[in-house]
Structures are given as C-alpha cells and as structure tokens.
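Heads up: the structure comes next, in structure tokens.
Since every read-out is calculated from the coordinates, none of them should be taken as a lab result. Everything numeric in this text was worked out from a predicted model, so none of it was measured. FYI the Cβ positions are ideal-geometry reconstructions off the backbone, even for glycines, and counts take in every protein chain you see.
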Amino acid sequence: MSSTAQPDANPFFQPWQGPFGAPPFDRVSIEHFRPAFERALAEHTAEIEAIAAQPAAPDFANTIEAMERSGRLLARVSHVFSVLAGADTNDAIQAIEREIAPKMSAHYSRIHLNAALFRRIDALFARRDSLALTREQERVLERYHTRFRRAGASLDQARKDRLAAIGERLAALGTAFGQNVLADEQDYTLVLEGETDLAGLPDFVRAAARQAAKDRGLEGKYVITLGRSSVEPFLQFSARRDLREQAFKAWIARGDGGGKTDNKAIIAEMVALRAERARLLGYETFAHYRLDDSMAKTPQAVRGLLETVWPRAVTRARADRDAMQALIAEEGGNFELAPWDWRYYSEKLRKRAFDVDEAATKPYLKLDNVIAAAFDTATRLFGLTFAERKDIPAWHPDVRVWEVKGRDGAHVGLFFGDYFARPSKHSGAWMTSLREQERLEGDVRPLIVNVMNFSKGSEGDPALLSFDDARTLFHEFGHGLHGLLSSVTYPSISGTSVLRDFVELPSQLYEHWLERPEVLRRFALHYRTGEPMPEDLLKRLLAARTFNQGAATVEYVSSALVDLDFHLLREADNLDVNAFERSSLSRIGMPDELVMRHRPPHFQHVFSGDGYSSAYYSYMWSEVLDSDAFRAFEETGDIFDPATAQKLHDYIYSAGGSRDPEELYTAFRGRLPTADALLVRRGLADAAFVGEA
C-alpha cells in the first residue's frame, strides 16, 4: 500500500483498470480513506433518499432493486479498508477505524429506520404473492423486510432514536475491543535465550520462534508470541513447566490486564446495550432477538444441542485428565495437572497411544502442498482450476493471488491468500471479500480473501503446518468457495450472506476431504525429500483424529454456553464480567484443568462487532449439517461422486442466501440431519469411546 497520496488522484474515485477490476493496492494510501468514506456516505445517503421520496408507487424494481444498486462506492471503500484493518493495520488505520465505525452504524441506522422507505418495503411485502416475483426475488424482498423490521423501522421516533444511539455506541465499543486484543498480542513476547529455555521444543517450533525473534529485531534469540500458531505448539512441547505457565497465563489474559486495554468494562456495556436493544424491539432478551432470525430459532434449541454434547465431552475429558495425571506420577511429578500442562501431556499421551506426534507429521504438511490439496479437491468436486497471478497488487508482499476458472475455462473470480502471522495482523483466521458476485450490474465476478496466521519457516525452509493448521486452511477455503461459486443475481444474498448458523456448513464440510487418505497420499509429501507420508504414519495420524476431542469440545461448548448466558440477561447493569464467567462455568461443571477456547475479554467473535454475539453455537449447529452432508458422499463409495458434488454445488455452494437454508439442505440431502453424525465424528457417540487415549 502506498504511503503518500496525491489529492487529485484518489483511486476510489476512478475506475479500477487493473486485471479483473481488482483494487489498486499499490496506489491506495491511508490519506485516501477519509475523503473516500465521506463522499461514499454522502452518495449512498442521496441514493436512499431518492428511493424513499420518489412519487411512483413502489414496485420491486424501483425500490428493492434500486436499493441493491445503491452504495457501490461505499462498498468498494469499505471492503478495501476492512481488509487492511484486519490484516495489515497500523496506528493511522486504527484511528480511522475508531472514527468510521460509529459513522457507519449511524448511516445504516438512518437507512433501516427510514419510515418512508419502510412503508414502500412493507407495502411490497404485503402484496408479495401478487407481484409475480422469481423465487430469488421473493427471498430478497423477505430479507429486506426482515432486516428493516428487526432494526425497528416500525417503531415510534423516540425508540428509533435510542436504537440508533445504541448502534453507534456498540460499533465504537466493538472496534475498541478488537484493537485492545491486538495491542495485548503485539505487546507480549516470551524471549527464549538458551538450550535450557528451548528444552523439549522440536526443530519446527524453534525455527518459527527464531523467525519471530528476527522479525522483532532480536537476532539470535527465540520469541513466543500470543498468536495461536506460536503459543499452542510451545504449550504442546516445552518441557519448561514454568515457561508454559507464563505463556499460558498471558494468552488467556488478553483483554483482562486491568490497564487501558482491559475489555471487561466494554463487555459489560455491550451486554447491557444489547439487552436494551432487544427490549426496545419487543424481545425477552438479546439471545431471543438474535436467534429469532436463525435456523435454531430459540435459545432453548441452542441449549438443547449444546447440552446434548456437553456431558459426553466432560466425561471424555475427565478420563483423559486422569490418564495424564497418571503419566505425571509415572514420570515422578508431584503436582496436579493444570491448564498449562494439558497440551504438553496430551501430546505425550497421543504419542504413546498412536505413536504419532506433530514433530513427525509436520514435515509432510508443507503450506504449498496443503494449498495445492485444497485446490485439487475443488477441481475434483467442482471443476475449478487455479493459476497464480503475479501482476495483481495486494496489501502486503506475503499475499498471493490466483485466478480461478470453471470447468468450461471461463473466469470465476480471484482468490487472495494471506497466510502468515505478523504484528500488523489480527489473530485468528477468516474469509472476507473485496467484491461479491452478482448479476444485477452485469456479470460481476467475486474477489475472495482468506486470512490466516501461520508461522513462517526460517533460513530458507518452507512453512510447515500442524494438522490443525491444515484443517484451518481447508475450513477458510471452504468459506472462500462459498463466495467464489456464488451464482445469484442480487448482491445482498451473494455467497456467505446466509443465516449465521448455516454459514459454517460449506467451510466445515470442506475439512472432511483433508482427513481422507485419498487426499493425504497425494499431498502429504516430505518437504525435503518429496516422499509421501509413510502409510503406517498416515493410518496412525487418521486413527488419532478424535484424540483429545473431549477437551476440544469442552473448550468450544463452554464458550458457546457462556456467550448464550451473557445474552440471556434481561438486565446487565453493574455486570462483573469475570464473576459472571466463573458463575456460568461453575453452573455447567467446567473441569478445572481446562479453560474456554475464548475467554470473554478476548472473545472477538462475540464482542469485536456483532458477528457471532449469542451465536457462537453456530459452529456446532453447522457441524450437525456438515457431518451428515459428508455421509452423502461416503454412502456413494466415492468422496468425489459427480452427482453428489453437483447437488452440493447447486444447493449449498452456489445458492448463497437465495432460499431458506432448511430448504436448501433438504434439496441437497433429501432430509434434515440429526446430531448422530456429529457425535460419531467427535468420537463421543458411545461410551466405548470414553477414556481412549
């Protein structure tokens, strides 16, 4: 990204002439964003006011389609800015982010609370059966009506004003929350300086730590950061219990340090404001409000799923805990297993039970080969091909770009992969877009982005992934395919614009192909010799797939239940966040040796914006779907069965939000699923699984 701007050459105000109309990141500078947002917001406001004030009676074209065509400049600016704010931020970008977030919220509140505009939408919705709409148009109209109704468009002015104020404040708080977590991650390093500090760490962990130190100007030392791809391997392998404790406590304390980056007051205010918003809209709690527009529909349905899985997971985790405690005693240890010990002794148990550990498998999971495996799976399922392009600018030198073509050789879209951790990037992994597919304004092809945080190799070695890292890559690429394969007319239902507890189906389903021998035999190749993973090691790796799933499920389900508990509060004044967390975990019987996957002070899914608030359960809801969906392939005897892949393409990956998700899933599978396949996949289906090492 350029660092200086020419006042009369703002690239957002000019046609993008590069390949496929991709953003000219080499010409975009920080100084371009404020004037671009200002003009884009003004243009969108004028477009919306013209739609609301027009004298002609409302019809689908002059109201719904007109809204779909509006805000093009704002979308262009927002998409580029969002990618930079997440993947390559700095102080100047964060300052704009803090400034623009409440402005954007106020802008969309004015639209969704516009009485004249809602009257037009409501009138169309009332006579929708007589409009001769296509099925896709019916869905778009329904989504607009639902969105405006849920925003409060039918309320009196006083409640509208309060809702708008709540929205602005929540946007500001969510931005601050995410920036505080990033600041805590950036500020912490555990510096390792000698063989004593490095005890137990395999070569790949040392290489990543050496590179992290070099990136921070600490040549010759080793650094562990709070990025998951750095701290988790350290906790798995470090023989230094004192250093594991130090790193673990810093990791779970992000956003909970008591200083200027502490997020507890932000959480308390957000929970209170969300509860108030729900009351203003006529809902019992925020959870009831949020889930009303989901597949689950009610908090009771969500809790029912989570509590079906919870006792099985706890039983399995406690059996594993007892096995680890026995191992500690066997080694002569005189201490109780603590949370910072779990990954270390779990790795030892896995080695003992399956004769497989990450140090043995990681050399076979080179990043480039895992990318190739994800691409090849898409080729075999959907006929896609991928050609790397060096002529398309991106936001950072590490970013790679591929042109994607279909079975017929036609251009499908561009795929941007940003794979490596760096201090300027928020932690985690996500998919987003720089442009969505649509056919309303011509045949617009998507620009899809995957962002991850893998550790780089060092001294000329390639990046090597853990099996969990490789699964993350497949997961995010599944989201990416949901965007790339979208085939709808209207942008508001394109790609991943689906209900929250359906959006994880395409991503989680895609993970299944990574776990198949047919894929690993071709792509799990040693990074030095090119030899395939030995068949015996491959079998042991796959046999160990459900190992430690009790703990992983406990970590996840506890996070989902605490999220739900926060948002079932009717009043949240004077909320003590840490006390509430402890109380919620005590109620469900959280094992002392485990912690939530995301403690509230750094739970960005839920508090850095509104994406998964009261909806973190959706990963497991979608897992019910994806476990059953992959069985459709297994039942044919061919995991690339062409007929099943075609249905998967037509009803899941390309359909976007064009139909109700239950209808789409039933069209693909012939029925709705039960939780049985999920329990089998996690190794929790039968008591015989409990306690297996």
Can you give me the long-range amide H partners of Asp461? Hydrogens built in the peptide plane at 1.01 Å from N, cutoff under 5 Å, separation of 5 or more residues or another chain. none
Estimated vicinal HN-Hα couplings, Hz - region 486-501 in sequence order (Karplus 6.51, -1.76, 1.60; Gly, Pro = x): 3, 9, 10, 8, 9, x, 5, 10, 7, x, 7, 7, 10, 4, 4, 8
Please list the non-local residues whose amide H lies under 5 Å from the amide H of Arg389, H modeled 1.01 Å from N, same-chain partners needing a gap of 5 or more. Val401, Trp402, Glu403
Can you work out ³J(HN,Hα) from phi for every residue in region 393-404, in order, using Karplus 6.51 cos²θ - 1.76 cosθ + 1.60 and θ = phi - 60°, giving whole Hz and x for Gly and Pro? x, 9, 7, 7, x, 6, 6, 10, 10, 10, 8, 10
How large is the convex hull of the C-alpha atoms of region 188-252 per residue, in Å³? 70 Å³
Whether region 138-192 is rounded, prolate or oblate, judged on the alpha carbon gyration tensor where a/c under 1.5 counts as rounded: oblate
Taking 24 Å as the cut-off for C-alpha to C-alpha distance, list the pairs among Lys348/Lys539; Lys362/Lys390; Lys390/Lys647; Lys249/Lys425; Lys366/Lys539; Lys214/Lys390 that go past it. Lys362/Lys390; Lys390/Lys647; Lys214/Lys390
Region 105-236: radius of gyration over Cα atoms, expressed as a fraction of 2.2 N^0.38 Å: 1.89
Checking the a/c ratio against 1.5 first, then a/b against b/c, what shape does the Cα gyration tensor give for region 51-117? prolate
Angle between the chain longest axis and helix 577-588 axis [Cα atoms, degrees, rounded to 10]: 70 degrees
Cβ crowding within 10 Å averaged over residues, with 455-466, 211-222, 573-584 ranked highest first: 455-466, 211-222, 573-584
Under a plain spin-label model, where a point goes 7 Å from the Cα along Cα-to-Cβ, how far apart in nm are Arg587 and Arg671? 3.5 nm
Could you name the aspartates and glutamates in cross-link range of Lys260, using Cα to Cα under 15 Å and dropping any fewer than eight places away on the same chain? Asp184, Glu185, Asp187
Relative to the Cα centre, what is the charge dipole magnitude of region 188-252, using +1 at the beta carbon of each Lys and Arg, -1 at the beta carbon of each Asp and Glu, and rounding to the nearest 20 debye? 140 debye
Kindly rank 180-186, 639-645 from highest to lowest mean number of other beta carbons found within 10 Å of each residue. 180-186, 639-645
In terms of Cα to Cα distance under 12 Å, which aspartates and glutamates are near enough to Lys221, apart from those fewer than 8 places away along the same chain? Glu193, Glu195, Asp197
Extent along principal axes [Cα atoms of region 363-543; Å; largest to smallest]: 52, 33, 33
By how many degrees, between 0 and 90 and to the nearest 10, does the Cα long axis of helix 505-514 differ from the longest principal axis of the chain? 30 degrees
Kindly state, as a whole number, the per residue volume in cubic angstrom of the convex hull around the alpha carbon atoms of region 256-413. 295 Å³
Once Lys and Arg get +1 and Asp and Glu get -1 on their Cβ, which of Thr432, Tyr419, Val488 lies farthest toward the positive end of the dipole of region 363-543? Tyr419
Cβ crowding within 10 Å averaged over residues, with 585-598, 126-139 ranked highest first: 585-598, 126-139
Residue separation between Thr45 and Phe20 times 0.36 nm, minus their alpha-carbon distance, gives in nm 6.2 nm
Putting +1 on Lys and Arg Cβ atoms and -1 on Asp and Glu Cβ atoms, find which of Phe502, Gln604, Phe566 reaches farthest to the positive end of the dipole of region 470-611. Phe502
What is the distance in Å between the Cα centres of region 46-65 and region 268-295? 30 Å
Provide the per-residue ³J(HN,Hα) series for region 551-566, in order, calculated from phi with Karplus coefficients 6.51, -1.76, 1.60 and θ = phi - 60°, each as a whole number of Hz, with x at glycine and proline positions. 5, 4, 6, 4, 4, 6, 5, 4, 4, 5, 5, 5, 4, 5, 4, 3
Let me make sure I get this right: for the chain, a, b and c are the square roots of the gyration tensor eigenvalues over alpha carbons, sorted descending. Under 1.5 in a/c it's rounded, otherwise prolate if a/b > b/c, else oblate. Which is it? rounded
Which of the listed residues, Ser614, Ala208, Pro233, is farthest toward the dipole's positive end in the chain, when Lys, Arg count +1 and Asp, Glu count -1 at the beta-carbon? Ser614
